[in-house]
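One structure below.
The values are calculated or read from the model by the stated rules, or taken from the named source; none is laboratory data. Source: prediction; values computed, not measured. Every residue, glycine as well, gets a Cβ built from its backbone with ideal geometry; the counts of neighbours run over all protein chains shown. Heavy atoms of the whole protein, side chains included, go into the accessibility calculation; ligands, DNA and RNA do not. Shrake-Rupley method; radii C 1.70, N 1.55, O 1.52, S 1.80 Å.
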Amino acid sequence: MHIDVEQLYETYGPMVLRRCRFLLKDEDKALDAMQDVFVQVLKKKEQLNGTYPSSLLFTMATNICLNRIRYEKRHRTISNETVIENKEFIDNFEKKLEARDLLERIFASHKESTRLIAFLHFVDGLTLEEVAREVDLSVSGVRKRLRLLKQTATKALKEKSNEKKSA
Amino acid sequence: MKRKVPDVLLERLLLNELPKDKARQVLENLKKERGGMDRLENLRKSNRKILRKYPAPLMASGIKKRYKEQKRQNFLFKIKRYFTARPVPAPAFGLALALIIFIIFPQLLQRFPVDEGIRIKGGTELGIYLKTGEKEIKLRPNDRVKQGDIVQLTYKAGDAGFGVIFSIDGRESVTLHYPASRKDPPRLEPGKKQILKEAFQLDDAPQYEHFFFVASEKKIDAREVLGQASRLRRTPEKIKTEFNRLFKKIIVIELRLNKE
């Protein structure tokens with residue numbers, strides 16, 4: 001299947017870039033992620049046969065950006081030595097680490113796509129039906145995933161609060 | 001409270017990629033939403049702005065270039081994996097040899113220039129910072145530190161793909177700093193300088209704290225590195241020479257701090 005990249009970008013590029021900007025909050029990173037989204041599309045040409053390519057591109061952009069955010073949080077990079085001298089960075093480091101660990105703990109036992117489902121529902125505000133369409137699952141499947149996630153989150157928060165009490 | 005029309009639905013409405021019923025419903029909701037129709041118009045404006053700033057011919061060429069580069073990398077990776085993951089059948093040996101000599105080896109040479117036959121070059125760095133109140137001070141070899149000081153380590157992989165960071169103190173204790181556990185694969189993060197997750201506080205061990213960064217283009221085993229470090233813990237000054245003898249194609253960066 002031949003893909004006209006220029007045409008594809010002209011149609012969907014702005015949407016993908018806006019999505020990446022929204023998630024990554026950085027123009028350069030968003031631009032880079034956007035290009036990766038189109039590279040993924042070229043690699044998975046056959047998936048583009050659907051009636052609405054925007055759905056696939058939007059989901060791909062969300063996934064790529066969420067993975068990048070997760071990667072950056074795990075491997076915090078410093079671009080130069082001045083960053084490490086930033087007091088706020090040092091002060092907030094522990095708090096961020098704690099919050100990140102909690103999120104990682106919550107999502108660890110769930111499927112990779114649950115992160116996307118949770119984001120689309122809780123952050124983007126899609127209904128269960130809309131999420132189901134985006135991720136190609138049944139509504140009951142999405143509901144079940146979110147219910148299990150909620151259970152894990154409640155348990156993790158309880159444990160966290162108990163840890164604090166005993167400390 | 002009526003929910004705001006999600007961005008994704010707005011985008012798809014503009015692209016005319018919603019089923020008819022859904023499109024009608026979204027448009028109705030948008031009309032009811034305060035400033036809803038403005039959102040749609042803003043999206044149109046944003047489209048024009050983005051395409052002006054990042055024109056399609058330019059972006060398409062960048063995307064194609066990136067796609068080709070990734071395809072080439074995957075191809076090389078598959079060849080490498082094929083011949084390292086299973087016994088090579090005799091007829092394939094000639095082909096493998098030709099590939100290695102004419103394709104893979106020249107590329108590896110380009111990526112990892114060989115120095116004196118055993119070391120790799122290319123910006124591998126170890127950074128040690130002392131946290132003092134509001135400031136972080138970069139420590140140099142033989143700088144003086146004391147019990148209770150908080151130290152933060154950073155590294156830059158350069159051309160190395162794997163690495164182990166450890167230290168030996170005046171009590172001859174070996175401490176692993178990277179990877180987090182000796183069982184973890186010591187894969188280094190490429191690119192920018194990486195800050196290790198945890199800073200640590202120096203204890204009351206006397207005389208010195210000697211740090212080592214053992215980096216390599218090839219996979220190394222943290223357990224093996226630590227085993228050898230433990231064997232040589234009484235003479236850390238000999239570790240660099242000994243490691244270069246024991247391990248192939250590694251680079252050892254060391255930094256000794258003196259204790260007050």
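Take every Cα pair under 8 Å whose residues are at least 6 apart in sequence, average their separation, divide by the length of the stretch B:120-259, and the relative contact order is 31 percent.
I need to check one value: relative contact order of the stretch A:1-75, counting alpha carbon pairs closer than 8 Å and at least 6 residues apart, in percent. Result for the stretch A:1-75 is 38 percent. For the residue pairs A:K45/B:K64; B:K49/B:K193; B:K138/B:K240; B:K193/B:K219; A:K45/B:K22, the C-alpha atoms sit more than 24 angstrom apart in B:K49/B:K193; A:K45/B:K22.
At the residue level, A:E10 shows approximately 90 square angstrom of accessible surface with a 1.4 angstrom probe and all protein chains present.
For the stretch A:1-75, the fraction of C-alpha pairs farther apart than 16 angstrom is 45 percent. Peptide A:31-44 has a mean of 4 when you count, residue by residue, the C-beta atoms of other protein chains within 10 Å of its C-beta. Inter-chain Cβ neighbour count for B:6-17, averaged per residue, equals 6 (cutoff 10 Å, partner chain atoms only). Per residue of peptide B:189-201, the mean number of Cβ atoms on other chains within 10 Å of the residue Cβ is 3. Packing, as the average of other Cβ atoms within 10 Å across residues, places the peptides A:117-123, A:134-140 in the order A:117-123, A:134-140, highest first. Excluding same-chain neighbours fewer than eight residues apart, the aspartates and glutamates reachable from A:K150 by a Cα-Cα span under 15 Å are A:E104, A:E159.
When the pairs B:K156/B:K248; B:K135/B:K156; B:K183/B:K218; A:K158/B:K4 are compared against a 23 Å limit on Cα-Cα distance, A:K158/B:K4 fall above it. The peptide list B:222-229, B:60-67, put in order of mean Cβ contacts within 10 Å with the highest first, becomes B:222-229, B:60-67.
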